[in-house]
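*Asks:* There's a structure below that I have some questions on.
The values are calculated or read from the model by the stated rules, or taken from the named source; none is laboratory data. Just so it is clear, the model here is predicted, and its values are computed rather than measured. Don't worry about glycine lacking a Cβ; one is built from the backbone with ideal geometry, like all the others, and counts go over all protein chains shown. Just the protein is used for accessible areas: all its heavy atoms, side chains included, with ligands, DNA and RNA removed. Shrake-Rupley method; radii C 1.70, N 1.55, O 1.52, S 1.80 Å.
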Amino acid sequence: MSINQIDMLLCSMANYLNQHLKIKNRDDVLMIGIHTGGVWVAERLHSLLNLSTPLGQLNIAFYRDDFSHIGLHPHVKPSTLPLEVENRHIILVDDVLHTGRTIRAALNEIFDYGRPASVTLAVLVERNGRELPIQPDVIGCSLCLENGKHIKLHGPDPLCLEIRGTA
Amino acid sequence: MNNIQLDSQNRLKHFLGIEGLKRDLLIEILDTAASLINVHEKAVKKVPLLRGKMVINLFFEPSTRTRTTFELAAKRLSADVLNFNIDTSSSSKGETLIDMLRNLEAMHCDMFVVRHNASGAAHFMAQHVASHISIINAGDGQHEHPTQAMLDMYTIRQYKSDFTPLRVAIVGDILHSRVARSNIHALTILGASEVRVVGPKTLIPKGIEELGVKVFHDLKRGLCDVDVIIMLRLQRERMQGALLPSAYEYFQYYGLTEKILNVAHPDAIVMHPGPINRGVEIDSTVADGVRSVILQQVSNGIAVRMAVMAMTLSTMESPSLKKEQ
């Protein structure tokens, strides 16, 4: 996928999010990107939406459900949530939604900071293969990939999507 | 070197001592601790890394600070914790260490944090424990206290960033100090330019120069231009025989005062593993002064112990899986 196409996806996501915020009358939102690809996407959306609140970053390494299989990564950049989560509307941003396990971990971590008023999920790419009942609210594009294929976002500048796998 | 602490992929399985570990592994512990340092800032002061795991604190010697920070570290990782103070339990009834180990294994635990007055006790347990259990040494006799050394290294890195140009003086009762031994190994592995030990002849073990340290018996000369001062507690409970005339006299020669501190580098930091004996090895004005980082050491100890616990228990199952999205 070319750089221009990703920019178009980001613009359409920003437009949709803008309408979403207007309809729901939410201006005091906190946007949070999931490390690392989700942060790159969130940085673009944050800038396109011209949000006045600072961007948060979430690193879900300590909340993964496969910790006992893959071990601990020593360079986990700590999560930074610049505003109180309690009673705030959150826009959670990730690059690719696949099994849903990352989002499950991210929701668990967010709730350890407080009880948000709502969480809206925005993803650049939504693909098949969900293992948990998690659905995005805002989508850049939807893909149907064969088993064994993975899609990866490279960045931060420029952003580039790559499909990998042998199947 | 066949290191019982490491698994087949050279990852930390037990944490028994600093000696023989590689620099990369020590840096990995410090980096992991750095990523866990802010866990207490959340409304829920926990991460779920060790949820469902059982940690047993096995303390054959009295301890408040170390046991408490290990317990806090385990709880911040969401593990369950049991505390056994053995001097009041079975060993006084004649049970052997191996029998006790088998009984505790039967309680389906995942980790023992061990403090013992015999050097090598944690190592002995690691050799005999069931393969799914990790052992962490919380101080064995006069041998090692590796988590204390790593929290000291964490604190030094916090203030000095790079180990290589540093001159570090370890002052006091080197003879009885497992903290000194672990710190000497850690500083050497991390590449500190000069490690000094300072103390009276009776409290410095013979042949310690072989560890690569310089020996000083005069406090003023030993502290000249150093960047880090690690004061040690005078361990009177371990002393047999007349090693010192009196605590008062010790303070006159080896007590750290503001005046003597002036010979160190102006940005020197003062550390102490605690508990401090005010007026014996350190003056109150220094312990409470601007260069003291003693309380910072205590806070850092929690994150460092979390890091070691998470790292050792993460090696128990190892099939590598790709990141799921």
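*Asks:* Tell me: how much accessible area in total is hidden between B and A, 1.4 Å probe, Å², nearest 100?
*Replies:* Between B and A, the summed buried area is about 2500 Å².
*Asks:* At 1.4 Å probe size, what's the solvent-accessible area of B:Leu97? Round to the nearest 10 Å².
*Replies:* Its heavy atoms expose roughly 40 Å² to the probe.
*Asks:* So the label point goes 7 Å from the Cα of B:Leu295 along Cα→C-beta, right? Which residues of region B:12-47 then have their backbone N under 20 Å from it?
*Replies:* Hits in region B:12-47 for B:Leu295 at 20 Å: B:37-42.
*Asks:* Also, quick follow-up: Hey, any idea what the orientation-averaged projected area of the convex hull of region B:220-293's Cα atoms comes to, in nm²?
*Replies:* Taking a quarter of the hull surface, the average projection is 4.9 nm².
*Asks:* For the full complex of protein chains and a 1.4 angstrom probe, list B:Arg178, B:Arg167 by accessible area with the highest value first.
*Replies:* These residues rank, largest area first, as B:Arg167, B:Arg178.
*Asks:* With a Förster radius of 35 Å, plug the Cβ-Cβ distance of A:Glu131 and B:Glu209 into 1/(1 + (r/R0)^6) and report the FRET value to the nearest 0.05.
*Replies:* In this case the efficiency is close to 0.05.
*Asks:* Continuing with this model, one more query. Compute, for A:Met8, the solvent-accessible surface of its heavy atoms (probe 1.4 Å) with the complete set of protein chains present, and express it in square angstrom to the nearest 10.
*Replies:* 130
*Asks:* On the accessible surface of chain B, probed at 1.4 Å, how many percent belong to carbon and sulfur atoms?
*Replies:* The computed percentage sits at 50.
*Asks:* Return, ordered by residue number, the residues of region B:102-141 whose backbone nitrogen is under 14 Å from a label point located 7 Å along Cα→Cβ of B:Lys93.
*Replies:* Once the point is set 7 Å along Cα→Cβ of B:Lys93, B:103-104 turn out to lie under 14 Å by backbone N, inside region B:102-141.
*Asks:* Taking all pairs of distinct Cα atoms, average 1/r, flip it, and tell me the Kirkwood hydrodynamic radius of chain B in Å to one decimal place.
*Replies:* 20.4 Å is the Kirkwood radius here.
*Asks:* What share of Cα pairs, in percent, lie more than 19 angstrom apart in chain A?
*Replies:* 55
*Asks:* Let me ask something else. Treating each Cα of region A:103-167 as an identical point scatterer and ignoring solvent, apply the Debye formula and state log10 I(q)/I(0) at q = 0.14, 0.19, 0.26, 0.27 Å⁻¹.
*Replies:* Result of the Debye calculation: -0.56, -0.92, -1.21, -1.24.
*Asks:* Only four residue types carry charge here, +1 at the Cβ of Lys and Arg and -1 at the Cβ of Asp and Glu. Report the dipole size of region A:3-165 about the Cα centre in Debye, rounded to the nearest 20.
*Replies:* I would put it at about 180 debye.
*Asks:* Also, I was wondering about something else. Hey, could you get me the Stokes-Einstein D for the protein assembly as shown, Kirkwood radius over alpha-carbon pairs, 10 °C and 1.306 mPa s, rounded to whole µm² s⁻¹?
*Replies:* Translational diffusion coefficient: 63 µm²/s.
*Asks:* Compute the Rg/Rh shape ratio of region B:146-298: radius of gyration over Kirkwood radius, all on alpha-carbon atoms.
*Replies:* On the way: Rg = 14.0 Å, Rh = 15.1 Å.
With Rg and the Kirkwood Rh in hand, the quotient comes to 0.92.
*Asks:* Using 0.36 nm times the number of residues separating A:Asn87 and A:Phe111, minus their current alpha carbon distance, what extension gain do you get?
*Replies:* Between A:Asn87 and A:Phe111, full extension yields an extra 7.6 nm.
*Asks:* Can I ask one more? For an R0 of 56 angstrom, estimate the FRET efficiency from the Cβ-Cβ distance between A:Ser47 and B:His132 and round to the nearest 0.05.
*Replies:* Result of the calculation: an efficiency of 0.70.
*Asks:* Another question, if that's okay. Can you pull the semi-axes for region B:10-88, root of five times each eigenvalue of the Cα gyration tensor, sorted largest first, whole Å?
*Replies:* Result for region B:10-88: semi-axes of 22, 20, 12 Å.
*Asks:* Could I ask something else about it? Ordering B:Tyr248, B:Tyr154 from largest to smallest accessible area (1.4 angstrom probe), what's the sequence?
*Replies:* The ordering from most to least exposed comes out as B:Tyr248, B:Tyr154.
*Asks:* Comparing A:Asp28, A:Asp157, A:Asp65, which has the greatest mean-square fluctuation in the GNM of chain A with Cα pairs linked when under 10 Å apart?
*Replies:* Comparing A:Asp28, A:Asp157, A:Asp65 in a Gaussian network model of chain A, the most mobile one is A:Asp157.
*Asks:* Once you charge only the Cβ atoms, +1 for Lys and Arg and -1 for Asp and Glu, what is the size of the charge dipole of chain B about its Cα centre, to the nearest 20 debye?
*Replies:* In debye, rounded to 20, chain B gives about 360.
*Asks:* In Å, the Kirkwood hydrodynamic radius of region A:55-122 over pairs of distinct alpha carbons?
*Replies:* Kirkwood radius, region A:55-122: 12.8 Å.
*Asks:* In the Gaussian network model of chain B, springs joining C-alpha atoms below 10 Å, which of B:Val215, B:Val290, B:Val129 carries the largest mean-square fluctuation?
*Replies:* For chain B, modelled as a Gaussian network with Cα springs under 10 Å, the answer is B:Val290.
*Asks:* What is the dipole size for the protein assembly as shown, taken about its Cα centre, with +1 at each Lys and Arg Cβ and -1 at each Asp and Glu Cβ, in debye to the nearest 20?
*Replies:* 220
*Asks:* Could you give the length gained on full extension between A:His154 and A:Ser118, defined as 0.36 nm per residue of separation minus the Cα-Cα distance, in nm?
*Replies:* That pair, A:His154 and A:Ser118, stretches by 10.0 nm at full extension.
*Asks:* Given the Cα-Cα distance of B:His265 and B:Thr285 and 0.36 nm per residue of separation, how much length would full extension add, in nm?
*Replies:* On the way: separation 20, 0.36 × 20 = 7.20 nm, distance 1.78 nm.
Between B:His265 and B:Thr285, full extension yields an extra 5.4 nm.
*Asks:* Under 11 Å from a point 7 Å along the Cα-to-Cβ line of B:Ser246: which residues of region B:201-228 have their amide N that close?
*Replies:* none
*Asks:* In angstroms, what radius of gyration and Dmax does region A:18-90 have, counting Cα atoms only?
*Replies:* Considering region A:18-90 through its Cα atoms, Rg and Dmax are 14.5, 43 Å.
*Asks:* Something else: Using a Förster distance of 30 Å, how high is the FRET efficiency between A:Leu145 and A:Asn25, based on the Cβ-Cβ distance and rounded to 0.05?
*Replies:* Result of the calculation: an efficiency of 0.20.
*Asks:* Not counting ligands, DNA or RNA, and with a 1.4 Å probe, what is B:Arg65's accessible surface area in Å² rounded to the nearest 10?
*Replies:* Approximately 100 Å² of B:Arg65 is accessible to the 1.4 Å probe.
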